[in-house]
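Here is the structure we will look at, set down as structure tokens.
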Amino acid sequence: MLRLNIFLLVTAVLCGLGVVTSQHKARKLFQALDIEQERARQLDVEFGQLQLELSTWGTAPRIEKIAREKLKMTTPDSDRIITATPGGALSR
């Protein structure tokens, strides 16, 4: 009877340690999940900001401003414009 009681005591202690260990692991995993979800939210915000920035970099007024100010480009006179058609003919 004493052996059975010791065996049951050891089994109960081991089961208790198993429960505590599994709860600790679950908490650590939950913390890691929370950290990764926060990181994902930050990346979503950054992605939105980058999309907004990309849309402003490619706008026609901005490109025209850079062409005029930095590259010193101007719109040509209408008599200097030559139009090419798909058939290969040129027209003025």
Given unit charges at Cβ for Lys, Arg (+) and Asp, Glu (-), the dipole magnitude of the stretch 2-86 about its Cα centre in debye, nearest 20, is 440
Computed, not fitted: 222 nm per-residue ellipticity of the chain from DSSP H runs ≥ 4 (each -39500 (n - 2.57)), nearest 500, equal to -26000 deg cm²/dmol
Longest principal axis of the chain (C-alpha) makes with the long axis of helix 2-57 (C-alpha) an angle, in degrees to the nearest 10, of 10
Relative to the chain, whose Cα atoms define the longest principal axis, helix 60-69 and its Cα axis are tilted in degrees, nearest 10, by 60
Which of [x] 17.0; [y] 14.0; [z] 6.5 gives mean projected area of the Cα convex hull in nm² as computed here? It is [y]
Among 75, 60, 11, the residue whose Cα sits farthest towards the positive end of the charge dipole of the stretch 2-86, when +1 is placed on the Cβ of each Lys and Arg and -1 on the Cβ of each Asp and Glu, is 11
In nm, the gap between the two label points placed 7 Å beyond Cα toward Cβ at residue 27 and residue 74 is 7.5
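Laboratory data are not the source of any read-out in this text; all were calculated from the coordinates shown. These numbers were taken from a predicted model, which means no experiment stands behind them. Ideal geometry is used to build each Cβ from the backbone, glycine not excepted, and the neighbour counts take in all protein chains shown.
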